[in-house]
Amino acid sequence: MTTETGRAAPSAAGAAAPSGPHRLLLPTMLAGVFVTTLDFFIVNVAMPSLQTDLHASAAAVEWVVAGFGLAYGAALITGGRLGDLYGRRRMFLLGMALFTLASLLCGVAQTGGFLVLARVLQGVAAALLAPQVLALLGTVFTGAARARVFAGYGLAMGLAAVLGQLVGGLLIAADVAGWGWRSCFLVNLPLGLLVIALTLRTVPEVRAAGRPALDLPGAAVATLALVALVLPLIEGRQHGWPAWTWASLAACAVLLAVFVRLERAVAARGGSPLVDMGVFGDRAFVVGLCCQLVFWMGQASFFLVLALYLQAGRGLSALEAGLLFAAIGAGYLATSLNATRFAARLGRQVLAVGALLMLAGLVAIGVCAARLGTGDPELWLIPGLVVDGAGMGLAVAPLAATVLARVDPRYAGSASGILTTALQTGNSLGVALIGVIFYDALGPDPLASSYPHAFTHGLVFLAAVAAAQILLVQALPRTREESEA
């Protein structure tokens with residue numbers, strides 16, 4: 001799971017002194033990435049209680065997750081460009097400060113709408129922060145140390161994703177100062193301030209070579225296109241799919257066409273387009289982009305409906321649900337630590353094997369969910385959750401690296417930025433689509449007994465996503481090493 005600025009290798013001006021990087025530099029950078037990734041997933045176990053407390057609609061629940069991912073994905077490449085222009089340390093600090101402020105706003109929210117707006121601000125802050133991390137680490141560390149650092153980066157993000165629900169459950173169960181679900185956001189205040197203080201002491205300033213320009217029109221049109229796609233999918237169901245929802249989906253296609261024309265025009269006059277459109281002439285990248293988008297459509301969406309099923313459908317507390325989520329983390333750890341070794345032996349098929357394991361896990365979970373009676377223990381779900389986590393761990397780390405290994409080196413920077421945008425867009429799109437399926441099956445006045453039915457409907461969608469991933473991997477071109485094997 002990688003994030004890059006989409007620019008050439010940065011200059012070493014302002015990098016660490018000859019004595020080497022500060023020993024706390026790496027933990028500081030990884031802490032920033034961990035806390036922003038954690039916050040994307042930590043809210044899942046808080047959904048039932050915050051929905052009740054804020055009298056939030058089903059659409060608002062979806063927006064709490066999708067709004068963060070949408071803002072993150074839409075602003076990510078621009079965030080990287082700002083780091084090129086104004087310094088990566090400076091933009092990391094700004095992003096962390098805004099993220100900490102947005103976390104405070106989330107923690108004091110009194111309405112669902114205010115919480116969604118604060119989550120969008122969190123997403124924008126994360127987009128300012130995240131692209132700077134690998135750019136900074138790639139400049140300060142070299143050789144074998146750089147490879148170890150990047151492996152640690154991927155592990156930190158993966159652990160934040162799979163352990164977010166457990167951490168959220170622990171915080172809600174602790175109920176410090178009566179904060180309940182609000183503690184999932186307010187815990188970021190001391191963490192954010194600590195990261196800011198450490199950054200000021202340990203992180204050098206680094207800027208990119210040259211002076212790339214901002215492509216604000218391109219960023220604006222790309223953002224509008226993403227909103228036009230996700231907005232009707234989240235809001236349409238509860239409003240009966242009025243005409244504006246279909247108009248919005250049509251507008252998305254028009255806006256994407258406008259974006260392509262804008263980017264080509266910027267490139268033709270020698271400017272700095274947000275996206276180098278030449279990368280889409282590379283089959284490896286186009287197929288890889290689809291793999292990235294489809295894979296992540298099944299992640300946040302699964303965590304959301306699983307949390308709702310366990311708490312609203314099975315009556316578990318946030319802590320009990322979080323402990324069950326830990327089974328996914330166990331499976332993830334079991335495979336992710338050796339994922340690069342599997343990738344070296346299996347090539348592109350490591351992604352297919354990961355998706356196949358996730359498919360098997362989802363089927364097992366679905367069978368158990370359909371058969372569990374009111375008094376039956378939820379422990380029967382654990383084997384399926386472990387297998388699903390193992391599949392996730394096998395695919396997450398090699399996914400972007402496997403795709404980028406097949407991309408023309410001329411487009412490597414632009415491709416990495418687009419792939420990371422696809423990650424966040426896939427999460428948001430998956431939440432929007434599964435929301436249509438899950439809440440439609442749940443009905444307008446759901447009872448606890450309705451949740452297993454809705455959950456199994458959602459699992460059918462997720463199984464289809466995993467199957468699509470397996471097929472897409474087969475369309476990836478082979479590398480020279482695979483052809484010679």
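Some values worked out for this structure:
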{"item": "Candidate set: the stretch 86-108, residues that are of a type in the set (A, V, I, L, M, F, W, C), under 17 Å from LEU54 (Cβ atoms) and in contact (Cβ under 8 Å) with a residue 60 or more places away in the chain; chosen: the one surrounded by the most Cβ atoms within 10 Å (Cβ to Cβ)", "result": "CYS106"}
{"item": "Residue, surrounded by the fewest Cβ atoms within 10 Å (Cβ to Cβ), within the stretch 354-391, restricted to residues that are within 18 Å of GLY331 (Cβ to Cβ) and of a type in the set (Asp, Glu)", "result": "GLU378"}
{"item": "Residue list for the stretch 321-330, filter: within 16 Å of LEU50 (Cβ to Cβ) and more than 20 Å from the chain's Cα centre (by Cα)", "result": "ALA321"}
{"item": "Where a residue in the stretch 343-369 is farther than 15 Å from GLY298 by Cα and its partner, wherever it lies, is in a loop (DSSP other than H, G, I, E, B), with Cβ under 6 Å and at least six apart", "result": "ARG348/LEU476"}
{"item": "Selection within the stretch 57-85 - surrounded by fewer than 24 Cβ atoms within 10 Å (Cβ to Cβ) and either closer than 15 Å to LEU115 by Cα or without any contact (Cβ under 8 Å) to a residue 12 or more places away in the chain (or both)", "result": "SER57, ALA58, ALA59, ALA60"}
{"item": "Single unsatisfied condition, GLY322 versus (1) more than 18 Å from LEU357 (Cβ to Cβ); (2) at pLDDT 90 or above", "result": "(2)"}
{"item": "Among (1) over 18 Å from ILE77 (Cβ atoms); (2) crowded, with 18+ Cβ neighbours inside 10 Å; (3) not β-branched (Val, Ile, Thr), the one test that LEU136 misses", "result": "(1)"}
{"item": "From the options LEU351, LEU293, LEU310, residue that is surrounded by 24 or more Cβ atoms within 10 Å (Cβ to Cβ), in a helix (DSSP H, G or I) and in contact with a Ser or Thr (Cβ under 7 Å, 6 or more places away or on another chain)", "result": "LEU351"}
{"item": "Among the residues listed as ALA339, ALA334, ALA318, ALA312, the single one being within 20 Å of the chain's Cα centre (by Cα), closer than 29 Å to VAL43 by Cα and assigned by TED's automatic domain parsing to the domain that holds SER450", "result": "ALA339"}
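The values are calculated or read from the model by the stated rules, or taken from the named source; none is laboratory data. Keep in mind it's a predicted model, so treat the numbers as computed, not measured. Every residue, glycine among them, receives a Cβ derived from its backbone with ideal geometry; neighbour counts consider all protein chains shown.
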